[in-house]
Amino acid sequence: VQTRCKDISSIANGLVTLKSTECGGKAEFSCDKYYKLVGSPQIFCNESGNWSEGTPYCKLYTDNIPCPCGWKKILNSCYLFVKNKVTWDTAREDCLQRGGDLVIPTSTTECVLLSQRASILQMSIPWIGLFRRYDGKFYNTCGKTPNFTRWYPNQPDNYGNREKCGHMLVNGKYKAKWNDMACNAKYSYICEFKQPRCEYLAKILRCGASSMVRRHPSLETSKLLLSV
C-alpha cells in the first residue's frame, strides 16, 4: 500500500500548493500581502507517511507597509490629519473607507507627537478611536478596554450623560491629553494606518475598504452602542 501523508488543503492568510501526498511529494506555501511565512516554504512527505516539518503559518508583518499617499509616518504608524469637522461616527467611517481607523494612542510619546503635529495644522481637539458603551466604560475601536489612557484631570465625566466619544486636546495646559465629548459634536480627526491594532484591518487592505466598510463589526457595534 502506497504511504501517504495527511492532506494539507489550506493555511490562514496564505496559499498551499500541494504537489502530492505520496512519499517524496511536497507542499509549497506562500502568504498574502502584509503577511510573512513562519516556517519552511516547502515540506516533503517521507516514507513513514509524515511531513518532514510542521505546517508553517502566516503572520502579520507591518514593518515594511508603506504609508498611503498623503499620510504622515510617525513612530511605527501612518497617520492622516483631517481638518474637516464632522461627527465621531462620520470621522470613523471616513477613516475606514481610507483603509485605516480612528487613531488609538498607546503611549504618552505617541500622544505628544500627534498633538504637536495637529497643533501645527491648527487642529484643536481631534477625535480619536474611543467610545463609551452602555456599561459606562470606554472602549477603543477594536472593541477592547484600552491598556493605556491619558485623560486629563476629572475626565471622562460624561457631562449631561451625553459624552460618549473621545477626543484629544492639542493646545494649552492639558495638551496631548484626552477628554470625552458628545458624539454628534463636529471636530477634526486623526486616522491611523497600522496593523495589527485590529486584525480586521488586514482584511480591509486585501479586499478593499469600500466593499467591506458596511460590514465592519467594530463600526456597526460602535454605532449601536452610541445610539443607546
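Which percent of Cα-Cα pairs in the range 14-60 sits in each 5 Å bin, short to long?
5, 25, 28, 20, 12, 7, 2, 0
If the cut-off is 21 Å between C-alpha atoms, which lysines fall inside it for Lys144, apart from same-chain ones fewer than 8 positions away?
Leaving aside lysines fewer than 8 places away in the same chain, those within reach of Lys144 are Lys164, Lys177, Lys194, Lys203, Lys223.
Calculate the tail of P(r) for the range 72-193: the fraction of all Cα-Cα distances greater than 18 Å, expressed in %.
Above the 18 Å cut-off, the range 72-193 has 45 percent of its Cα pairs.
Quick one, what does Rg over Rh come out to for the range 21-132 if you take C-alpha atoms and the Kirkwood Rh?
Rounded to two decimals, Rg/Rh equals 1.24.
Determine ³J(HN,Hα), in whole Hz, for all residues of the range 157-169 in sequence, where each value follows from phi through the Karplus function 6.51 cos²θ - 1.76 cosθ + 1.60 and θ = phi - 60°; x replaces Gly and Pro.
Coupling constants for the range 157-169: 10, 6, 4, x, 6, 9, 9, 10, 10, x, 9, 10, 7 Hz.
Based only on other Cβ atoms within 10 Å, what is the fewest-to-most ordering of Val103, Val170, Val82, Val38? It would help to have the intermediate numbers written out before the result.
Numbers: Val103 29, Val170 26, Val82 20, Val38 12.
By the 10 Å Cβ count, ascending, the order reads Val38, Val82, Val170, Val103.
So what's the net charge close to Met123: Lys and Arg +1, Asp and Glu -1, counting the other residues with Cβ under 11 Å from its Cβ?
Combined, the nearby Lys, Arg, Asp and Glu give +3.
Rule-based calculations on the coordinates, nothing more; no lab input. Predicted model, so just to flag it, every value in this text is computed and none were measured. Glycine gets a Cβ as well: all are built from the backbone with ideal geometry, and neighbour counts include every protein chain shown.
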